[in-house]
Amino acid sequence: MPARLFLVLLSLVVIIGLPLSALAAESTAPEGAAAAGQAPDPQKPRVRVTISKQTTVIIEPLRPDGYPDYLEAVNRMASQGVTPQNNAMVLLVKAFGPGHIDQRVRAEYFKRLGIDPLPEQGEYFVQYYDYVKRTAADALRAPSIEEGQEPKPAEADRQLELATNRPWSKADCPLVAGWLEANQKPLRLIVEASGRPRMYVPIVPEEPQQLIMVPLSSLQTLREANRALVARANLRLAEGRTQQAMEDLVACHGLARLVGQGPTLVEGLVGLSGARLAWGGEANLSHYGKLTLPQAQGYREQLRKLPPLPDFVDKIDRSERLLAADVICGIARGEFALGDIALLSGGPVESDNKARKALNEIAAWLAFDGDVMLRTVNAHYDRLVAAGRLPNFAERKKALEELEEQLRQQREQRTGPLGIASRLLKHGSPRRVASETLGDLLIGLLAPAAKACVEAQQQAEALAVLSDVMLALGAYRTDHGHYPDSLAALQPKYLDKLPDDPYSGGRVQYRREKDGYALYAVGANLKDDGGYGRWPLGQKDFEYDDVGFRVPLPPQEH
């Protein structure tokens, strides 16, 4: 896309063929002020966009330069109703320590959390590979590969993969066992934090900047915490401590849901990643934990009390829409130019400073209209959100696919030289045409892959439904010594009713296999692929996309 962006802008320059003075002759005042006939106030900073819900989306808070403060808006959105007493991050930062927080903003970070700053040194959570480096650095090195053999993962990788996927002993994974032992105290805090209802992670950059540039520095540590909880649950299962394993899995689910409360899509995806780990642990719990029916019912009841799974459409409608508007306001301010956007999006411009500089110069020359760009991008987000909120998955999938195709055709028609020329003849405004064209291109660069997000959310909802069935199957096996031939045997003692497939609306699929089973829903292709697809664990055949579990997992490949 960056290379196409450069070519389109160059086309605009060639086709429009106007000197800068001709473009400057068009009004550069925000459309709201112009419509009201207001003279600019010399005491106020000049704002090159109209502050309104139809353009900038938010009308407050404002930065000192008069533009919307999107970063502060996201902070307020995420912290609404949060207190030091209900905020999981208050406990998590005590578990993790202040190391992930930039020293220059720590005072403000802790002020927003409502707690005193933490000391630099303490008994804080140690990430797995940091622990390995300190205690067994040779385990990080991949073993030598003999001729004709496939390369194997490093020993540290192998142990972590085994521990997070299936029951294990301390003899199997001594590195992971040592890591968990070193993190006993912070893990107690993490488990306590997982039971809180809210999580707000302050966004405090060193200086004002666009949302797209803000790092989410705590996410890696949160991922590691989920791995530790699932690894410990699998260890406890191997040791016959089913109740303690259940406590760790509930904590893992709770932490994943809290991470998913974050305003960004990235936080939502990290939350789902943690939930998938927990669901994999539940597959082991149901098969190896000798679950009684009261245990299965009590565990399910604990899960029902947790915060909901992340809503990706809501994140697109709110924070992702704000991110795009923030970028456009940055262009209007002259702080964030097209070459910078191309740099962030990757592609040929990423390593070509000359091309990046040329994009910035062309953008400045064309004097884009921020209001037109904002309305163009907002209209796209409106369509994304409407499609993502249709009542069932098949309708959402179809609408989003149609929208993707419409956008593809529109970009080809509107951003090509002929499309630009025809719109110039129709509208007679080079500035408007240039602004609409850039708005179209920004959609391609900044708008999230809504179809993939909706599919990720649907997959999570399907796994949550299937996990209920899996727990019932585990309790049935404890009582009868084997799994049932069909799910009908679970009613009414183990399940009040059999769930529908969240994708198709039909029944979920079940097949008994030797001493285990396959339990699955049809995936995004809405076809029964026999239970093969993007399994959270085990199978990795991506030609299929059924969503579910195989219990027990096949033997680990080395």
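The values are calculated or read from the model by the stated rules, or taken from the named source; none is laboratory data. Small disclaimer: the values here were computed from a predicted structure and weren't measured. Note that we place each Cβ from the backbone using ideal geometry, even for glycine, and neighbour counts take in every protein chain shown. Surface areas here come from the heavy atoms of the whole protein model, side chains and all, with no ligands, DNA or RNA. Shrake-Rupley method; radii C 1.70, N 1.55, O 1.52, S 1.80 Å.
Quick one: in the stretch 160-190, of everything that is of a type in the set (Gly, Ala, Ser) and farther than 17 Å from Glu224 by Cα, which residue is surrounded by the most Cβ atoms within 10 Å (Cβ to Cβ)? Outline the logic, then answer.
Here is the first cut: in the stretch 160-190, the ones of a type in the set (Gly, Ala, Ser) are 163, 169, 171, 177-178, 182.
Those still in the list that are farther than 17 Å from Glu224 by Cα too: 169, 171.
On the way: Ser169: 12, Ala171: 7.
Here the residue is Ser169.
Restricting the stretch 486-521 to residues that are part of a strand (DSSP E or B) and of a type in the set (A, V, I, L, M, F, W, C), which is surrounded by the fewest Cβ atoms within 10 Å (Cβ to Cβ)?
Residue satisfying both the conditions and the ranking: Ala518.
Here are Val82, Val126, Val132, Val74: which of them is touching a helix residue (DSSP H, G or I) at 6+ places or on another chain (Cβ under 8 Å), assigned to a loop (DSSP other than H, G, I, E, B) and either modelled with pLDDT of 90 or more or surrounded by 14 or more Cβ atoms within 10 Å (Cβ to Cβ) (or both)?
Exactly one residue qualifies, and that residue is Val126.
All but one of (1) in a loop (DSSP other than H, G, I, E, B); (2) in contact with a Lys or Arg (Cβ under 9 Å, 6 or more places away or on another chain); (3) open to solvent by 20 Å² or more (accessible area, probe 1.4 Å); (4) closer than 20 Å to Lys305 by Cα hold for Gln243; state the number of the condition that does not hold.
Result: Gln243 passes all but (1).
Looking at the stretch 228-259, which of its residues are closer than 15 Å to Leu92 by Cβ and charged (D, E, K, R)? Lay out the reasoning, then the answer.
First, pick out the residues of the stretch 228-259 that are closer than 15 Å to Leu92 by Cβ: 228-229, 251-252, 254-259.
Answer for the stretch 228-259, where residues must be closer than 15 Å to Leu92 by Cβ and charged (D, E, K, R): just Arg257.
Yes or no, residue by residue, for (1) under 19 Å from Asn226 (Cβ atoms); (2) crowded, with 19+ Cβ neighbours inside 10 Å:
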position	(1), (2)
Gly262	yes, yes
Gly268	yes, yes
Ser273	yes, yes
Asn284	yes, yes
Ala296	no, yes
Arg300	no, no
Leu306	yes, no
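Might you let me know whether the stretch 476-487 holds any residue that is among the basic types (Lys, Arg), at pLDDT 95 or above and over 15 Å from Lys290 (Cα atoms)?
no
On the basis of being in a helix (DSSP H, G or I), within 30 Å of Leu272 (Cα to Cα), open to solvent by 10 Å² or more (accessible area, probe 1.4 Å) and of a type in the set (Asp, Glu), does Glu405 make the cut?
So Glu405 fits the description; yes.
Would you confirm whether any residue within the stretch 335-357 is at pLDDT 85 or above, open to solvent by 30 Å² or more (accessible area, probe 1.4 Å) and within 29 Å of Ala456 (Cα to Cα)?
Step one: filter the stretch 335-357 for residues at pLDDT 85 or above, giving none.
No, there is no match, as no residue in the stretch 335-357 is at pLDDT 85 or above, open to solvent by 30 Å² or more (accessible area, probe 1.4 Å) and within 29 Å of Ala456 (Cα to Cα).
Go through Arg241, Arg198, Arg232 for me and flag whichever is of a type outside the set (Gly, Ala, Ser), at pLDDT 95 or above and touching an Asp or Glu at 6+ places or on another chain (Cβ under 7 Å).
Arg232
Just to be sure before I move on: is Leu463 in contact (Cβ under 8 Å) with a residue 24 or more places away in the chain, within 27 Å of the chain's Cα centre (by Cα), open to solvent by less than 10 Å² (accessible area, probe 1.4 Å) and closer than 30 Å to Glu282 by Cα in the structure I sent?
Against the criterion (in contact (Cβ under 8 Å) with a residue 24 or more places away in the chain, within 27 Å of the chain's Cα centre (by Cα), open to solvent by less than 10 Å² (accessible area, probe 1.4 Å) and closer than 30 Å to Glu282 by Cα), Leu463 qualifies.
If I go through the stretch 414-442 residue by residue, how many of them are open to solvent by less than 30 Å² (accessible area, probe 1.4 Å), among the polar types (S, T, N, Q) and at pLDDT 70 or above?
Counting residues in the stretch 414-442 that are open to solvent by less than 30 Å² (accessible area, probe 1.4 Å), among the polar types (S, T, N, Q) and at pLDDT 70 or above gives 3.
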